[in-house]
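To keep things clear, I will list the structure first and then write my remarks on it.
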Amino acid sequence: MPIVTSVEMFQKAYAGGYAIGAFNVNNMEIIQGITEAAAEVSAPLILQVSAGARKYAKHVYLMKLIEAAEADTGLPICVHLDHGENFEICKSCIDGGFTSVMIDGSKHSFEDNVRITREVVDYAHDHGVVVEGELGRLAGIEDDVNVSDEDSSYTRPDEVEEFVARTGVDSLAIAIGTSHGAYKFKPGQKPQLRFDILEEVGKRLPGFPIVLHGASSVLPKYVDIINSHGGQMPDAIGIPEDMLRQAARMAVCKINIDSDLRLGMTAGVRQALTAAPEVFDPRAYLKEGRAYVKEIVKNKIVNVLGSDGKA
């Protein structure tokens, strides 16, 4: 099966009350862990690439690895640009074989966001590529995204219809209380998602796919493994998985997961090197990180996203 867009995926997800996992990739082992898990439970996938990943691994390497994963598994896979900052980055990814891009104009005024997003949509649609836009700003730090609590803002439901109509986007990322990175909330702060905003957006955009960024759960198991093997991570609180499952039953068709994968990879590598400090073969310790990535992804697909058996 060739690499696909997310159009059919989202149509089925919306109708079926589940979400597609959009997993960030940075190297071969992470891609293998994600796709092997999805293949075992027959789930469609979005593999997404951030600006930081493109700088680290290079566009061409990541594309060839994803093409190899598609050939190996036969799964429907969409390749997506995460948080494209401007038209030039989006164009480069479209020209380079991505089937989906996100243009993040959320830091701009509403009118500038519309203008920038429309420019990307026009070019992308001419090339058979779909586009994700964003309204509202998530707090947190992840790769090139850095938004303070003071600069974050919830999505305003009264803006979504105009934004979608004027830009022509194919999906919309909204801010309802999720946050980028592992350190999402202050100590003692309880995560809360604004399901009232999500519900209102769903009413205003019936049948339209909504996206959640910053949705890693930061599972304590992997933080504990890292710290028990020489790490110094403070307590980190992510988004409770039951909240994400509720969002997937509503209008949310795409849920982004990155920090959990980084934690899993790091936990496996630290554990392997602590158990055998004399080891210097990357294959020996990277495979342990890959195994944890696979474990995390399978759990997300089956118990959070509900996309197992939907490939």
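Key figures
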| read-out | value |
| --- | --- |
| Complete set of residues in the range 97-119 that are surrounded by 17 or more Cβ atoms within 10 Å (Cβ to Cβ) and more than 20 Å from the chain's Cα centre (by Cα) | N113, V114, I116, R118, E119 |
| Qualifying residue in the range 45-57 (condition: at pLDDT 95 or above, more than 20 Å from L261 (Cβ to Cβ) and out of contact with any strand residue (DSSP E or B) (no Cβ under 8 Å at 6 or more places or on another chain)) | no |
| Of residues in the range 78-96 being under 12 Å from V49 (Cβ atoms) and among the aliphatic types (A, V, I, L, M), the one most open to solvent (accessible area, probe 1.4 Å) | I89 |
| Failed item in (1) of a type outside the set (A, V, I, L, M); (2) under 22 Å from the mean Cα position of the chain (by Cα); (3) at pLDDT below 95, with D235 passing the rest | (2) |
| Of all residues making up the range 29-61, the number that are in a helix (DSSP H, G or I), under 16 Å from the mean Cα position of the chain (by Cα) and over 19 Å from A13 (Cβ atoms) | 7 |
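Every residue, every condition in (1) surrounded by fewer than 19 Cβ atoms within 10 Å (Cβ to Cβ); (2) at pLDDT 95 or above, yes or no:
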| site | (1), (2) |
| --- | --- |
| G181 | no, no |
| G188 | yes, no |
| P191 | yes, no |
| R194 | yes, no |
| K203 | yes, yes |
| G207 | yes, yes |
| L212 | no, yes |
| S217 | no, no |
| K221 | yes, no |
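Each row is one residue, and each column tells you yes or no for (1) open to solvent by less than 60 Å² (accessible area, probe 1.4 Å); (2) farther than 14 Å from A37 by Cα; (3) outside any loop (DSSP other than H, G, I, E, B); (4) modelled with pLDDT of 95 or more.
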{"position": "A267", "(1), (2), (3), (4)": "yes, yes, yes, yes"}
{"position": "R290", "(1), (2), (3), (4)": "no, no, yes, yes"}
{"position": "S307", "(1), (2), (3), (4)": "yes, no, no, yes"}
{"position": "K310", "(1), (2), (3), (4)": "no, no, no, yes"}
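The values are calculated or read from the model by the stated rules, or taken from the named source; none is laboratory data. The model shown is predicted, which means the values in this text are computed figures rather than measured ones. Here the Cβ is made from the backbone with ideal geometry for all residues, glycine too, and neighbour counts use every protein chain on show. Remember, those area values only see protein heavy atoms, side chains included, never the ligands or the DNA or RNA. Shrake-Rupley method; radii C 1.70, N 1.55, O 1.52, S 1.80 Å.
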